[in-house]
Every structure is written in C-alpha cells, then in structure tokens.
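The values are calculated or read from the model by the stated rules, or taken from the named source; none is laboratory data. Values in this document were obtained by computation on a predicted structure and should not be read as measured data. Glycine gets a Cβ as well: all are built from the backbone with ideal geometry, and neighbour counts include every protein chain shown. Protein only, heavy atoms only, side chains kept; ligands, DNA and RNA dropped before computing areas. Shrake-Rupley method; radii C 1.70, N 1.55, O 1.52, S 1.80 Å.
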Amino acid sequence: NDCVFVNTDSSLPGMQGLEVTHVHAFFSFQYQGEVYPCIVVCWFNKTSDAADKDTGMWMVRPGEGANNTAEYVIIHIDAIYCTAHLIPVYGTEFLPPELKFYHSYDAFHAYYVDKYTDHHAFEIAF
C-alpha cells in the first residue's frame, strides 16, 4: 500500500507534470517473448491547479470512476517517477481506535502531498 508519483507530462515542471497514485499490486506478464512489468493503481486527483497557500503543499483526493467507486488501472512500471508520501487531512473528530494504518488511504477524503519528507520530494513536489 504505497503511493508513487507518476510522470504524465515531462514537459511541465514539478507537480504540474506528475500525478499521485495508490499502488495496489505489482505484476508482470509475458507477450510474444517480452516481459511487461506493471502495477495496479488508483489515481488521486489534484484539488486545484496550485499548491495550498497556507502549507505550500499540493492537495489530492482519491479519484473516482463510475458510481463514485475507486477506478483501478494498470500502468507500466516505468511510469513511476519516485515514491510519494501523503498526509491525511484529519478534520476535527478523533480517529476511531479500530482504524489501522493500512486503511489510511481509504479512510480520508483529502491528503497533502508531503514535500518535506525528503530532499527528492522537496525538489519535485513544488
């Protein structure tokens, strides 16, 4: 249950050319003698065209397909740029004790893209 930056437009700088995805599985298949390494992901959608003015971090929310359900897609592993760290937007209520860390990408409605997690993220998530 990791998140990664996916390069969607290398002509744009930073987060403008990147998207965040939640990785669900890695797999590969062979077709006509060539191996294709892939990942199953769900996209996050940016909430605006710029970083949040107060935090300096971009905000994302889980992408939804038809019927407001998660939309799973398969992409080539070479599309991964690097790992991404998301910080949930918590709200005002206490979290339920039964909430486990592995549910965190499904339990919140919005996330900050943490550009302070390391120097690589700081350089790309602007």
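Could you do me a favour and compute the accessible area per residue for segment 1-83, 1.4 Å probe, result in Å²?
Result: 61 Å² per residue.
Take HIS109 and PHE27, extend 7 Å from each Cα along the Cα→Cβ direction, and tell me the distance between the two endpoints in nm.
My value for the distance between the label points is 3.3 nm.
Once the piece of chain linking ASN68 and LEU95 is laid out straight, how much longer is it, given 0.36 nm per residue of separation minus the C-alpha distance between them?
Stretched fully, the ASN68-LEU95 segment lengthens by 7.4 nm.
Express the carbon and sulfur contribution to the solvent-accessible surface of segment 1-122 as a percent, rounded to the nearest whole number, probe 1.4 angstrom. Intermediate values should be presented prior to the final figure.
Working: 4250 of 8030 Å².
On segment 1-122, the fraction of accessible area on carbon and sulfur atoms equals 53 percent.
What is the chain's relative contact order, in percent, from Cα pairs under 8 angstrom and six or more apart in sequence? It would help to have the intermediate numbers written out before the result.
Working: 235 pairs, mean separation 33.3, N = 126.
Once divided by the residue count of the chain, the mean separation gives 26 percent.
Mind jotting down a quarter of the surface of the convex hull over the alpha carbons of the chain, in square nanometres, one decimal?
Seen from a random direction, the Cα hull of the chain projects 9.8 nm² on average.
Taking only Cα atoms of segment 29-88, what ratio of Rg to Rh do you get with Rh as the Kirkwood inverse-distance radius?
Rg divided by Rh gives 1.10.
Using the basic label-point model (7 angstrom from Cα toward the beta carbon), what is the LEU12 to GLU34 distance in nanometres?
2.8
Please compute the net charge surrounding ASP52, taking Lys and Arg as +1 and Asp and Glu as -1 over other residues with Cβ under 15 Å from its Cβ.
+1
With only alpha-carbon atoms in the gyration tensor, what are the semi-axes of the equivalent ellipsoid for segment 48-120, in Å, largest first?
After diagonalising the Cα gyration tensor, the semi-axes are 21, 20, 14 Å.
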